[in-house]
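Heads up: the structure comes next, in structure tokens.
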Amino acid sequence: MRAWKKLGIGLLTTTLLIGGGMASAQKEPTKEPDPFQNLGLSTDQRSKLDTAKKERISALSATQQKVMALRQKLMSLVADKKSSDREIDKIADEWAVADKEALKTETKFYKAIRQVLTQEQLTKLSQGGK
């Protein structure tokens with residue numbers, strides 16, 4: 001009985017956390033200060049960085065939607081006794097692939113920054129852009 005109660009509380013908590021994550025994901029993103037603002041970028045550099053940022057946002061948005069769908073599917077499988085461990089493992093593996101895609105997207109973005117900025121600009125950026 002205690003095990004069922006703990007499982008129920010765990011599933012309820014997870015569901016609430018997921019719901020909160022989904023609600024916060026649906027909010028309009030806040031405008032963050034531009035970290036490249038004080039770097040003295042050329043027009044060409046600004047254009048390349050803007051393109052890289054747009055690509056990053058687009059790719060991460062798609063990955064986030066994929067992860068949310070996988071999380072929901074995983075929770076429904078965990079809550080269903082008829083689900084096999086194999087099905088659960090498959091979704092977990094798909095989630096790991098999605099996380100890896102997000103990491104690759106971030107790495108690609110940082111490499112683009114590295115290619116566009118000069119060493120002096122990179123140093124200034126690493127010190128907070130001041």
All-but-one check, G128 against (1) modelled with pLDDT under 90; (2) in a helix (DSSP H, G or I), failing number (2)
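Might you check whether a residue that is open to solvent by 100 Å² or more (accessible area, probe 1.4 Å) and either closer than 19 Å to L60 by Cβ or among the acidic types (D, E) (or both) occurs anywhere in region 114-123? Give the derivation first.
Restricting attention to region 114-123, the residues satisfying the condition of being open to solvent by 100 Å² or more (accessible area, probe 1.4 Å) are 114-115, 119-120.
Filter again for either closer than 19 Å to L60 by Cβ or among the acidic types (D, E) (or both), leaving 114, 120.
Checked region 114-123: at least one residue is open to solvent by 100 Å² or more (accessible area, probe 1.4 Å) and either closer than 19 Å to L60 by Cβ or among the acidic types (D, E) (or both).
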Filtering region 27-58 for residues that are at pLDDT 90 or above and open to solvent by less than 80 Å² (accessible area, probe 1.4 Å) leaves a count of 11
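Test I113 against the stated conditions and say whether it is in contact (Cβ under 8 Å) with a residue 40 or more places away in the chain, under 30 Å from Q37 (Cβ atoms) and assigned to a helix (DSSP H, G or I).
It is true that I113 is in contact (Cβ under 8 Å) with a residue 40 or more places away in the chain, under 30 Å from Q37 (Cβ atoms) and assigned to a helix (DSSP H, G or I).
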Scanning region 80-93 residue by residue, those assigned to a helix (DSSP H, G or I) and either surrounded by fewer than 16 Cβ atoms within 10 Å (Cβ to Cβ) or among the polar types (S, T, N, Q) (or both) turn out to be D85, R86, E87, I88, D89, K90, A92, D93
- Task: Report yes if some residue within region 103-110 is aromatic (F, W, Y), modelled with pLDDT of 90 or more, open to solvent by less than 100 Å² (accessible area, probe 1.4 Å) and not in a loop (DSSP other than H, G, I, E, B); otherwise report no.
- Result: yes
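Sort out which residues of region 63-79 are under 25 Å from P33 (Cβ atoms) and open to solvent by less than 60 Å² (accessible area, probe 1.4 Å), and write them in order of number.
Applying the first criterion (under 25 Å from P33 (Cβ atoms)) to region 63-79 yields 63-64.
Passing the criteria: only T63.
Out of region 36-79, which residues are in a helix (DSSP H, G or I), among the hydrophobic types (A, V, I, L, M, F, W, C) and under 16 Å from R114 (Cα atoms)?
Step one: list which residues in region 36-79 are in a helix (DSSP H, G or I), which gives 43-78.
After this cut, where a residue has to be among the hydrophobic types (A, V, I, L, M, F, W, C) as well, the list is 49, 52, 57, 59-60, 62, 67-70, 74-75, 77-78.
L49, A52, listed by residue number.
The values are calculated or read from the model by the stated rules, or taken from the named source; none is laboratory data. The model shown is predicted, which means the values in this text are computed figures rather than measured ones. With ideal geometry, Cβ positions are generated from the backbone for all residues, glycine too; neighbour counts draw on all protein chains shown. When the accessible area is computed, the model is the full protein with side chains, heavy atoms only, and any ligands, DNA or RNA have been set aside. Shrake-Rupley method; radii C 1.70, N 1.55, O 1.52, S 1.80 Å.
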